[in-house]
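S.K.: Dumping the structure here so I can ask a few things about it.
The values are calculated or read from the model by the stated rules, or taken from the named source; none is laboratory data. Quantities reported herein were computed from a predicted structural model and do not represent experimental measurements. We place every Cβ from the backbone using ideal geometry, glycine too, and count neighbours over all the protein chains shown. For accessibility, only protein heavy atoms count, side chains too; no ligands or nucleic acids. Shrake-Rupley method; radii C 1.70, N 1.55, O 1.52, S 1.80 Å.
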Amino acid sequence: MLTMGESIKKARDDRSLSRTELSNKSGVHPATIRAWEQDITNPTIMNIWAVADALDMSIDELIGRKIG
């Protein structure tokens, strides 16, 4: 199972987005995204929501949760 940071990085990379591009789409500073991707800090639920929306995916998809 991926960490939260690994999941965000993978989703961002899968969409060929830079941190700056994800920042512009989500409203989260690129340095904050870097800290998440390096597992230095964890995003709040509101930031997870913003990032998932920016990546056009559900929160469940972003965190790797399988339902059913």
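S.K.: Could you list the residues of the range 1-17 with an amide nitrogen less than 19 Å from a label point located 7 Å from the Cα of Asp56 in the Cα-to-C-beta direction?
M.R.: Answer for the range 1-17: 8-17.
S.K.: Using θ = phi - 60° and the Karplus form 6.51 cos²θ - 1.76 cosθ + 1.60, what ³J(HN,Hα) does each residue of the range 30-43 get, whole Hz, x for Gly and Pro?
M.R.: x, 5, 5, 4, 4, 4, 5, 4, 8, 6, 7, 9, 10, x
S.K.: Any chance you could give the angle, 0 to 90 degrees and rounded to 10, that helix 4-14 forms with the longest Cα principal axis of the chain?
M.R.: Approximately 80 degrees, to the nearest 10.
S.K.: What part of the accessible area of the range 1-47, given as a whole %, is carbon or sulfur when the probe is 1.4 angstrom?
M.R.: Carbon plus sulfur share of accessible area: 53 percent.
S.K.: Placing +1 at every Lys and Arg Cβ and -1 at every Asp and Glu Cβ, with all other atoms neutral, what dipole size does the chain have around its Cα centre, in debye to the nearest 20?
M.R.: Dipole of the chain, to the nearest 20 debye: 80 debye.
S.K.: Which option, (i) 11.6; (ii) 12.5; (iii) 13.4, is the value of Kirkwood radius over Cα pairs in Å that was calculated from these coordinates?
M.R.: Among (i) 11.6; (ii) 12.5; (iii) 13.4, the one calculated here is (i).
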